[in-house]
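One structure is given below, encoded as structure tokens.
The values are calculated or read from the model by the stated rules, or taken from the named source; none is laboratory data. Since this is a predicted model, take the numbers as computed values, not measurements. Here the Cβ positions follow ideal geometry from the backbone for every residue, glycine too, while neighbour counts run over all protein chains shown.
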Amino acid sequence: MKKEHIIVADIRVEVWWKAVKRINLVVYAADGRVRISVPFATPLALVQQTVFARLAWIKRQQHKFLSQEAPVQLHFADGEQHSFLGAKYPLFIIESGRRHFVRFEPSAGISLHLSSGSTRQQRQRLLDKWYREQLHRRIPALLKHWQPLVGKDVYEFRIKKMKTRWGTCNINARRIWLNLELIKKDVKCLEYILVHEMVHLLEAGHTDVFYAHLHRLLPDWQSRDTLLKQEQ
């Protein structure tokens, strides 16, 4: 894998030469950064031409992302709204005992039970731990359903916070990583990302073959992708 930075019409582009079959251009929502992945044999002139041909689209994406309001800073305070499975619920801080736990009731919200004097960091750790448990318990049933349909078994799955990806797949180890933030989205989004990563066991790159498999297995994947990108 080889990396280089180029400038095209005052736009800085991160270029990655990789073992892929087609060119993939991405504008990251977090900071408007532009990245292009290309097959190893792709000449630099073709990379520049490709970026130049997509300049209007790149600038629209950057304007859209950079003009969006900054995400709400969460303080894990009483009454604050937090997302879970595609909906928002009020957060309640109940400081009463030494045993720390989370209680969820759809009609009431999410309650954090902690000892008195808890800090923001302690509340966040407790909620993240609960989120992780909730995500972890939902994945085995999805794998049991999808493994026979995909025709490949996942040997291991793990969960972590990721800034720019919803999931990744280690093809050789058959290990899938899922973003902890998925538990805040509709369960259809979790299923979509899981299937997406499993399809990489059939086709490593985002090729036409990859998308043919994805469309066959999950015909509504594009609507799920749109739902995933919506703010919660």
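Quick one: which of L85, L149, L91 is at positive phi, among the hydrophobic types (A, V, I, L, M, F, W, C) and out of contact with any Pro (no Cβ under 9 Å at 6 or more places or on another chain)?
Details: L149 fails: at positive phi; L91 fails: at positive phi.
Unique residue meeting the criteria: L85.
Out of all the residues in segment 151-174, which are among the polar types (S, T, N, Q) and over 13 Å from H196 (Cβ atoms)?
First pass over segment 151-174, keeping only residues among the polar types (S, T, N, Q): 164, 168, 170, 172.
If the condition is that a residue be among the polar types (S, T, N, Q) and over 13 Å from H196 (Cβ atoms), then T164, N170, N172 are the ones that fit.
What is the one condition in (1) modelled with pLDDT of 90 or more; (2) outside any helix (DSSP H, G or I); (3) small (G, A, S); (4) surrounded by fewer than 13 Cβ atoms within 10 Å (Cβ to Cβ) that S83 does not satisfy?
The number of the failed condition is (4).
Go through segment 1-21 and count every residue that is loosely packed, with under 11 Cβ neighbours inside 10 Å and touching a residue at least 60 places away in the same chain (Cβ under 8 Å).
Residues meeting the conditions: 1.
Which pairs have Cβ atoms under 9 Å, sit 6 or more apart or on different chains, and link a residue in segment 22-40 that is free of Cβ contacts under 8 Å to residues at least 24 places away in the same chain to one that is part of a strand (DSSP E or B) and small (G, A, S)?
Here the result reads V26/S37, each pair linking segment 22-40 to a residue that is part of a strand (DSSP E or B) and small (G, A, S).
Listed here are the residues, each with its yes/no results for (1) touching a helix residue (DSSP H, G or I) at 6+ places or on another chain (Cβ under 9 Å); (2) at pLDDT 95 or above.
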{"residue": "Q147", "(1), (2)": "yes, yes"}
{"residue": "K152", "(1), (2)": "yes, yes"}
{"residue": "K161", "(1), (2)": "yes, no"}
{"residue": "R175", "(1), (2)": "no, yes"}
{"residue": "E191", "(1), (2)": "yes, yes"}
{"residue": "M198", "(1), (2)": "yes, yes"}
{"residue": "D208", "(1), (2)": "no, no"}
{"residue": "L217", "(1), (2)": "yes, yes"}
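Testing K88 on (1) closer than 26 Å to G205 by Cβ; (2) in contact (Cβ under 8 Å) with a residue 60 or more places away in the chain, one condition comes back false. Which one is that?
(1)
In segment 41-52, how many are of a type in the set (S, T, N, Q) and in contact (Cβ under 8 Å) with a residue 40 or more places away in the chain? Lay out the reasoning, then the answer.
Taking segment 41-52 first, the residues of a type in the set (S, T, N, Q) are 42, 48-50.
Filter again for in contact (Cβ under 8 Å) with a residue 40 or more places away in the chain, leaving 48.
Result for segment 41-52: 1.
Could you count how many residues in segment 96-117 are loosely packed, with under 13 Cβ neighbours inside 10 Å and touching a Ser or Thr at 6+ places or on another chain (Cβ under 7 Å)?
Of the residues in segment 96-117, 2 are loosely packed, with under 13 Cβ neighbours inside 10 Å and touching a Ser or Thr at 6+ places or on another chain (Cβ under 7 Å).
With a cut-off of at least 2 residues that are exposed (fewer than 15 other Cβ atoms within 10 Å of the Cβ), name the strands (runs of 3 or more DSSP E) lying wholly within segment 121-232. Walk me through how you get there before you give the answer.
Numbers: elements: 156-160, 167-170, 175-179.
In segment 121-232, 156-160 are the strands (runs of 3 or more DSSP E) which contain 2 or more residues that are exposed (fewer than 15 other Cβ atoms within 10 Å of the Cβ).
Could you list, ordered by first residue, the pairs with Cβ atoms under 9 Å in which the first is in segment 122-139 and closer than 18 Å to E191 by Cβ and the second is of a type in the set (K, R), at least 6 apart or interchain?
Sorted first by the residue in segment 122-139, then by its partner, the pairs are Y131/K184.
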